[in-house]
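Written out below as structure tokens is the structure these notes cover.
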Amino acid sequence: AQSVTQLDSQVPVFEEAPVELRCNYSSSVSVYLFWYVQYPNQGLQLLLKYLSGSTLVESINGFEAEFNKSQTSFHLRKPSVHISDTAEYFCAVLKKYGGYNKLIFGAGTRLAVHP
Amino acid sequence: DTEVTQTPKHLVMGMTNKKSLKCEQHMGHRAMYWYKQKAKKPPELMFVYSYEKLSINESVPSRFSPECPNSSLLNLHLHALQPEDSALYLCASSQERPEGNEQYFGPGTRLTVT
């Protein structure tokens, strides 16, 4: 069963506009949630994480995500995007298999910021 | 320092070649991972090492052979690959705790099998 759903495969947006990238997870998985960003021809970079505590988590480059248990969502937002934010964004959950944790990724959302 | 390094950055190999991919981290992480990523797809888990022991093999063909010589190094030995094995191979590491841990990824090795 799919554990993570990213509802939009592509999100085009103009520079300085706000953006929201949507992520929903299966309620049966653990509530350890992550957003990773992948710039062209690079590896994945951890953008932000929710492990416990405050439901609103922020990154150093202006992104934030809110863990919403009732809606099983972990949407990523930024109030004003830059051209340099153009990248692939992956939402992920940590799922327990036996004694081990596995990172389950969504299909990804391509954010394209236009001037 | 949250750096995971991978070598080489690019690799082109024939179907009869033997090559190895290397991964290194110095964050004291005791879990290390190999992922395969095809274009426009999310990473797919291949192997997990925990305390230098193979703990998960996601039914990967035997032409891929992982090795963990010590707690900082992870290798992936390649032999008799197929063109469909061409992909970005990502290494990652994390702390080993029962609760959630974030994984840190390397830049990847772009593999082309001819």
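What follows draws every value from the coordinates through simple rules; no lab data is involved. What you see is a predicted model, and the numbers here were worked out from it, not measured in a lab. All Cβ positions, even for glycine, are placed from backbone atoms using ideal geometry, and neighbour counts span all protein chains on display.
Okay, here's what the table says:
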read-out: Convex hull of chain B built on C-alpha atoms - directionally averaged projected area, nm²; value: 6.8 nm²
read-out: 3J(HN,Hα) from dihedral phi, segment B:53-69, Karplus parametrisation 6.51/-1.76/1.60, rounded to Hz, x for glycine, proline; value: 10, 5, 10, 9, 10, 7, 6, 7, x, 5, 5, 9, 10, x, 8, 10, x
read-out: Residue pairs, from the table A:K49/B:K22; A:K96/B:K9; A:K49/A:K96; A:K49/B:K38; A:K69/A:K95, whose Cα atoms sit over 22 Å apart; value: A:K49/B:K22; A:K96/B:K9; A:K49/B:K38
read-out: DSSP beta bridge pairing in chain B, given as percent antiparallel to the nearest 5; value: 90 percent
read-out: For q = 0.08 Å⁻¹, Debye-computed log10 I/I(0) when each Cα of the protein assembly as shown counts as one equal scatterer; value: -0.29
read-out: Chain B - Cys residues lacking any other Cys C-beta under 4.7 Å; value: B:C68
read-out: 5 angstrom amide H check on A:V81, placed H, neighbours 5+ away; value: A:E16, A:A17
read-out: Debye intensity ratio I(q)/I(0), log10, segment A:71-111, q values 0.17, 0.29 Å⁻¹ (C-alpha model); value: -0.62, -1.07
read-out: From phi via Karplus (6.51, -1.76, 1.60), per-residue ³J(HN,Hα) for segment A:10-18 in Hz, x at Gly/Pro; value: 9, 10, x, 8, 7, 4, 6, 7, x
read-out: For segment B:106-114, 3J(HN,Hα) per residue [Karplus equation, 6.51 cos²θ - 1.76 cosθ + 1.60, θ = phi - 60°, Hz, x = Gly/Pro]; value: x, x, x, 10, 8, 9, 10, 9, 10
read-out: Fluctuation leader among B:Y89, B:Y35, B:Y51 - chain B, Gaussian network, Cα springs under 10 angstrom; value: B:Y51
read-out: Of A:G53, A:G43, A:G62, the one that fluctuates the most in a GNM where chain A has Cα springs shorter than 10 Å; value: A:G53
read-out: Cα-based Rg / Dmax (Å) for chain A; value: 13.8, 48
